[in-house]
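All remarks here apply to the structure that follows.
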Amino acid sequence: MIRSVVRGIGSALPRRIMRNADFEGVLETSDAWIVQRTGIRQRHIAADDETTASLGEAAARAALDAAGLTVDDIDLIVLATSTPNHTFPATSVEIQERLGMRHGFAFDLQAVCSGFVYAVTTADLYLRGGLAKRVLVIGAETFSRLLDWSDRSTCVLFGDGAGALVLEAAEGEGGLADRGILAASLRSDGTHKMKLYVDGGPSTTQTVGHLRMEGREVFKHAVGMITDVIEATFATAGITADDLDWFVPHQANKRIIDASAKKLGIAEEKVVVTVDLHGNTSAASVPLALSVAVADGRIKRGDLVLLEAMGGGFTWGAVLIRW
Ligand code: UT7
């Protein structure tokens, strides 16, 4: 059977780092509060010349380099983002143009913080369906542009960045030993739509709007939703937490990550945490965390890696990959 195998990974971050202490004196907050409640120590914030398209392009180029491929080898670009450069055309098409890709096709996918997990799953279906041979899957965001910088309950949490994977169709045996995407589970529930949303949009206010979140409400649902979807993925694959080599969760809050890993029985040393470095970068958070763990040698070829995300909608999901 066809498996979607990871050929390369790359990432990109804005030049400017904003540390927790930079909020002190501007807002009624402190480094101590932010670290204790979230685990975040710093985040990258895009300058005017850094956009979702430019960060996505840089991450895509890095992933192609790591794969030893060029854009001529790619058939499809799927970009997960909630912060497109324009309402339309899709930012993926802008990235396609920036990469000099004049063939194939590209589209954006919007599932907020779960966007990358949704995009990987979508790319997997295109590859297994034979519509593409190699896909660039990108998660890129500039959430700093959506933040209300006077709201301490949200503006300290988010950051900007991008990560990208090259996935390639390859022949597998159909078993757990195959490299590539082995199982996935996706969910959404729109009854929670007002717990984490942006109060603007073309069809309503004709403005971009600002991010609004009932943090405590999101927190309350997060661990249960994350662990449910991971248990469904484990059941599909026929594995348990002990079989995993690495758990790469969405990086929103260290307390949510710790509680989810504990409930699932995933050992602390198998959990990849980058929320301290990047904050919550929405659809970029999982590929940024993956990039760090691949670059420092933790994630190696053949390792069993579990991705997970949960965010606005609510949307949530998990993907199991043999690296
Ligand atoms: O990526 C999508 C998923 N998003 C998430 O997963 C976010 C989920 N939620 C969270 O991570 C947490 O709920 C937060 C980090 C947003 C908040 O942590 P919390 O422990 O749930 O705090 P809280 O909202 O219950 O607020 C506790 C107190 C409040 O003051 P009072 O009402 O107790 O006097 C807040 O006003 O902390 C206050 N507070 C702050 N204090 C200092 C809120 N933000 C700040 C701040 N600095 N930045």
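The values are calculated or read from the model by the stated rules, or taken from the named source; none is laboratory data. Everything numeric here is computed off the predicted structure, so don't read it as measured data. All Cβ positions, even for glycine, are placed from backbone atoms using ideal geometry, and neighbour counts span all protein chains on display. The area values use the complete protein model at the heavy-atom level, side chains included, leaving out ligands, DNA and RNA. Shrake-Rupley method; radii C 1.70, N 1.55, O 1.52, S 1.80 Å.
Remarks
- For region 201-227, a residue qualifies if it is of a type outside the set (Val, Ile, Thr), surrounded by 14 or more Cβ atoms within 10 Å (Cβ to Cβ) and closer than 13 Å to Thr83 by Cα, and the qualifying residues are Gly209, His210, Leu211.
- Residue that is nearest to Ala67 (Cα to Cα), among those in region 148-178 that are open to solvent by less than 10 Å² (accessible area, probe 1.4 Å) and part of a loop (DSSP other than H, G, I, E, B): Gly159
- Qualifying residue in region 181-199 (condition: open to solvent by less than 20 Å² (accessible area, probe 1.4 Å), hydroxyl-bearing (Ser, Thr, Tyr) and within 18 Å of Gly317 (Cα to Cα)): no
- Any chance Ile77 is β-branched (Val, Ile, Thr), within 16 Å of the ligand (Cβ to nearest atom) and out of contact with any Cys (no Cβ under 8 Å at 6 or more places or on another chain): no
- Test: residue in region 309-316 that is outside any helix (DSSP H, G or I), farther than 26 Å from Arg145 by Cα, open to solvent by 10 Å² or more (accessible area, probe 1.4 Å) and not assigned by TED's automatic domain parsing to the domain that holds Pro84: no
- The residue list Thr122, Thr142 contains one member that is without any contact (Cβ under 8 Å) to a residue 60 or more places away in the chain and either more than 21 Å from Ala66 (Cα to Cα) or touching a helix residue (DSSP H, G or I) at 6+ places or on another chain (Cβ under 8 Å) (or both), which is Thr122.
- Selection status of Ala80, of a type in the set (A, V, I, L, M) and touching a Phe, Trp or Tyr at 6+ places or on another chain (Cβ under 6 Å): yes
- Odd one out for Leu186 among (1) at negative phi; (2) in the same structural domain as Ala47 (by TED's automatic domain parsing); (3) among the aliphatic types (A, V, I, L, M): (2)
- Among the residues of region 190-235, those identified as away from the ligand (no atom under 16 Å from the Cβ) and assigned to a helix (DSSP H, G or I) are Thr191, Glu231, Ala232, Thr233, Phe234, Ala235.
- Meets criteria (touching a strand residue (DSSP E or B) at 6+ places or on another chain (Cβ under 7 Å), assigned to a helix (DSSP H, G or I), modelled with pLDDT of 95 or more and open to solvent by 30 Å² or more (accessible area, probe 1.4 Å)) for Val294: yes
- Residue in region 52-69 that is away from the ligand (no atom under 16 Å from the Cβ) and touching a Lys or Arg at 6+ places or on another chain (Cβ under 6 Å) present: yes
- Screening region 120-147 for residues that are crowded, with 20+ Cβ neighbours inside 10 Å and within 16 Å of the ligand (Cβ to nearest atom) and picking the one that is farthest from Thr52 (Cα to Cα) gives Leu146.
- Among the candidates Ala177, Ala162, Ala222, Ala140, residue that is of a type outside the set (Asp, Glu) and more than 20 Å from Val275 (Cα to Cα): Ala177
- Residues of region 232-245 satisfying the condition of being surrounded by fewer than 16 Cβ atoms within 10 Å (Cβ to Cβ) and under 20 Å from the mean Cα position of the chain (by Cα): Asp245
- Hey, Ser260 touching a residue at least 40 places away in the same chain (Cβ under 8 Å), in a helix (DSSP H, G or I) and closer than 16 Å to Ala119 by Cβ or not: no
- Set side by side, the residues Ile256, Ile239, Ile321, Ile266 differ, and just one is modelled with pLDDT of 95 or more and within 16 Å of the ligand (Cβ to nearest atom), which is Ile256.
- Residues located in region 100-118, provided they are assigned to a helix (DSSP H, G or I) and either away from the ligand (no atom under 16 Å from the Cβ) or open to solvent by 20 Å² or more (accessible area, probe 1.4 Å) (or both): Val112, Tyr118
- The condition (being within 14 Å of the ligand (Cβ to nearest atom), of a type in the set (Gly, Ala, Ser) and not assigned by TED's automatic domain parsing to the domain that holds Ile17) is satisfied by just one residue among Ala261, Ala283, Ala295: Ala283.
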